[in-house]
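Enquirer: Have a look at the structure that comes next, please.
The values are calculated or read from the model by the stated rules, or taken from the named source; none is laboratory data. As the structure is a prediction and not an experimental result, all values here were calculated from the model. All Cβ positions, glycine included, derive from the backbone under ideal geometry; neighbour counts span all protein chains shown.
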Amino acid sequence: MTALMPAEPPATRWLLPPASSADDDGLVGVGADLEPGTLLAGYRSGLFPMPVARRGPVGWWSPDPRGVIPLDRLVVTRSLRTSCRRFEIRIDTAFEQVIAACADPVRPSGWITSEMETAYVRLHELGWAHSVETWLDGELAGGLYGVAIGGLFAGESMFYRRRDASKVALVALVELLRADGAQDRLLDVQWTTPHLRSLGGFDLARERFLAQLERALRVPLPAVFG
């Protein structure tokens, strides 16, 4: 089963530069706004917003290479598989708690500003942003959030309070994206890190990423995000 797209918000008033115009650091431009229509236009064109410096102005990014996790290459070790059995998975029951935990300013290299937090909560209320949560003993133990547009899931951030809780959320997300057998879904993680590489993260040249993105946007939304 697949889900219908949420209602489209008003179109952005900004003309975002093409992803191919990024500089060597992947920065396309600075400015615009974080209205729902602007965010969706950015993701659909291969961009994502992130401050250009810690808590600085918002930049729009298109790194080359681009980090993805191929859905058939997720690395699930035996110990992680055991951890998966410990947690309860919930979808969209605590989005604001998840993004608040991801935005905690005491986290090393924290980058989520209050403006960004507010913008993604709004996007969630409109049905475009989602959280995958891990619960243990009735408490939120970890999770992740991102934006789902058709077959694209643009992962933004994750957190954990219990060992492996964020990894289990990632395993659950991949299983949800694969559950109905739809082809060409794309899990974007922006930049790969050693942690993401250990889980199957992979670098794609920008040109290949944009080609995969175009296909993914034509794929139906997974029912769980409907």
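Enquirer: Consider the stretch 175-226. How many of its residues are outside any loop (DSSP other than H, G, I, E, B), on the phi < 0 side of the Ramachandran plot and not basic (K, R)?
Expert: Quick first cut of the stretch 175-226, residues outside any loop (DSSP other than H, G, I, E, B) only: 175-178, 186-190, 194-198, 202-204, 206-216, 221-225.
Next, from what is left, pick out any that are on the phi < 0 side of the Ramachandran plot: 175-178, 186-189, 194-198, 202-204, 206-216, 221-225.
Keeping just the survivors that are not basic (K, R) gives 175-177, 186-189, 194-196, 198, 202-204, 207, 209-214, 216, 221-225.
Within the stretch 175-226, residues that are outside any loop (DSSP other than H, G, I, E, B), on the phi < 0 side of the Ramachandran plot and not basic (K, R) number 27.
Enquirer: If I filter the stretch 149-167 down to residues being touching a residue at least 40 places away in the same chain (Cβ under 8 Å) and in a helix (DSSP H, G or I), which single residue comes out as surrounded by the fewest Cβ atoms within 10 Å (Cβ to Cβ)?
Expert: Top of the filtered list is A165.
Enquirer: Cβ-Cβ under 9 Å, sequence separation 6+ or interchain: first residue in the stretch 203-226 and in the same structural domain as A129 (by TED's automatic domain parsing), partner in a loop (DSSP other than H, G, I, E, B) and polar (S, T, N, Q). Which pairs?
Expert: Going by the 9 Å Cβ cut-off, the qualifying pairs are D203/T192; R206/S62; F209/S62; L210/S45; L210/S62; L213/S45; R215/Q183; V219/Q183.
Enquirer: Name the residues in the stretch 104-116 that are of a type in the set (A, V, I, L, M) and closer than 27 Å to A7 by Cα, would you? Step through it out loud before you land on a result.
Expert: If we filter the stretch 104-116 for residues that are of a type in the set (A, V, I, L, M), which is where we start, we get 106, 112, 116.
Scanning the stretch 104-116 gives I112, M116.
Enquirer: Restricting to the stretch 74-120, and then to whatever is surrounded by 14 or more Cβ atoms within 10 Å (Cβ to Cβ) and hydroxyl-bearing (S, T, Y), can you tell me which residue is nearest to the chain's Cα centre (by Cα)?
Expert: Among those residues, the one meeting the criterion is Y120.
Enquirer: Does the stretch 133-145 contain at least one residue that is outside any strand (DSSP E or B) and either in contact (Cβ under 8 Å) with a residue 60 or more places away in the chain or of a type in the set (A, V, I, L, M) (or both)?
Expert: Going through the stretch 133-145, the residues outside any strand (DSSP E or B) turn out to be 137-138.
So of that shortlist, the ones also either in contact (Cβ under 8 Å) with a residue 60 or more places away in the chain or of a type in the set (A, V, I, L, M) (or both) come out as none.
No, every residue in the stretch 133-145 fails to be outside any strand (DSSP E or B) and either in contact (Cβ under 8 Å) with a residue 60 or more places away in the chain or of a type in the set (A, V, I, L, M) (or both).
Enquirer: If I ask for residues that are of a type in the set (F, W, Y) and outside any helix (DSSP H, G or I), which ones from the stretch 19-74 would you list?
Expert: F48, W60, W61
Enquirer: Being surrounded by fewer than 16 Cβ atoms within 10 Å (Cβ to Cβ) and at pLDDT 95 or above is the filter; apply it to the stretch 18-36 and report the residue that is nearest to E207 (Cα to Cα). Give the steps one after another, and end with the answer.
Expert: Residues of the stretch 18-36 surrounded by fewer than 16 Cβ atoms within 10 Å (Cβ to Cβ): 18, 20-21, 23-25, 30-31, 33.
From what is left, the residues that are at pLDDT 95 or above are 18, 20-21, 23-25, 30, 33.
Numbers: P18: 12, S20: 8, S21: 12, D23: 15, D24: 15, D25: 16, V30: 22, D33: 26 Å.
Result: S20.
Enquirer: Restrict the check to the stretch 54-62 and report whether at least one residue is touching a Ser or Thr at 6+ places or on another chain (Cβ under 9 Å), over 20 Å from M158 (Cβ atoms) and of a type in the set (S, T, Y).
Expert: yes
Enquirer: What do you reckon, is A119 out of contact with any strand residue (DSSP E or B) (no Cβ under 7 Å at 6 or more places or on another chain), under 24 Å from M5 (Cα atoms) and assigned by TED's automatic domain parsing to the domain that holds E207?
Expert: Working: out of contact with any strand residue (DSSP E or B) (no Cβ under 7 Å at 6 or more places or on another chain): yes; under 24 Å from M5 (Cα atoms): yes; assigned by TED's automatic domain parsing to the domain that holds E207: yes.
Yes.
Yes/no per residue for (1) surrounded by 23 or more Cβ atoms within 10 Å (Cβ to Cβ); (2) more than 20 Å from L71 (Cβ to Cβ):
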{"site": "R122", "(1), (2)": "no, yes"}
{"site": "S131", "(1), (2)": "yes, no"}
{"site": "L136", "(1), (2)": "no, yes"}
{"site": "E139", "(1), (2)": "no, yes"}
{"site": "A169", "(1), (2)": "yes, no"}
{"site": "E175", "(1), (2)": "no, no"}
{"site": "G181", "(1), (2)": "no, no"}
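Enquirer: Turning to a different aspect of this structure: Scan the stretch 101-132 for residues that are in a loop (DSSP other than H, G, I, E, B) and polar (S, T, N, Q) and report the count. Can you show your working first?
Expert: First, pick out the residues of the stretch 101-132 that are in a loop (DSSP other than H, G, I, E, B): 103-113, 126-128.
With the extra rule that they be polar (S, T, N, Q), the set shrinks to 109, 113.
So the count comes out to 2.
Enquirer: Okay, next question. So L71 clears everything in (1) buried (at least 17 other Cβ atoms within 10 Å of the Cβ); (2) within 26 Å of R122 (Cα to Cα) except one condition, right? Which one?
Expert: Failed condition: (2).
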